[in-house]
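Input: a single structure, listed below in structure tokens.
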Amino acid sequence: MAALVLPRSGELNRRVQIRLQTDTANAGFGLTASYSTGIARWAKKEPVRSLELRAGVNTGELPTDLFWFRWGTGTKPEDFTTSHVLEHNGTRYRVLDSIDVGDLRQFTRVSAKYLGAV
């Protein structure tokens, strides 16, 4: 079994905005997305590797990136839903799932899918 590798000091170096997306019906019988103000947190961002891609094949959603947040207020796994988006550096990602890494209550890892520019 592979050893658990947690982020080191200084690796949470990306400022990420965590927002809740709400879709409302519009006059054209479509949906209009609106976003909460959200919260800003420091995160580590990394591309998805083969293990996460295989997991995505099973669910039908392919994650593109992983975000690591220090476990705490607003960043516990139960705080993230599929209605949340992450914004970083002018790009938006949809949250697919989140886990408490190693069940240690130290870091939350979020699998996300790239959506495009904000």
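The values are calculated or read from the model by the stated rules, or taken from the named source; none is laboratory data. Bear in mind the structure is a predicted one, so any value in this text is a computation, not a measurement. Virtual Cβ from ideal backbone geometry, glycine too; neighbours counted across all protein chains shown. Ligands, DNA and RNA are stripped out before the accessible areas are found, and what is left, the full protein with its side chains, is counted by its heavy atoms. Shrake-Rupley method; radii C 1.70, N 1.55, O 1.52, S 1.80 Å.
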**OP:** Within the range 42-68, count every residue that is within 21 Å of LEU12 (Cα to Cα), at pLDDT below 90 and open to solvent by 70 Å² or more (accessible area, probe 1.4 Å).
**Re:** 1
Original post:
For the range 80-111, which residues satisfy the criterion of being part of a helix (DSSP H, G or I) and either exposed (fewer than 13 other Cβ atoms within 10 Å of the Cβ) or touching a Gly at 6+ places or on another chain (Cβ under 8 Å) (or both)?
Top reply: GLY102, ASP103
Original post:
Does the range 11-41 hold any residues that are modelled with pLDDT of 95 or more, open to solvent by 60 Å² or more (accessible area, probe 1.4 Å), in a loop (DSSP other than H, G, I, E, B) and not hydroxyl-bearing (Ser, Thr, Tyr), and which are they?
Top reply: ASN13
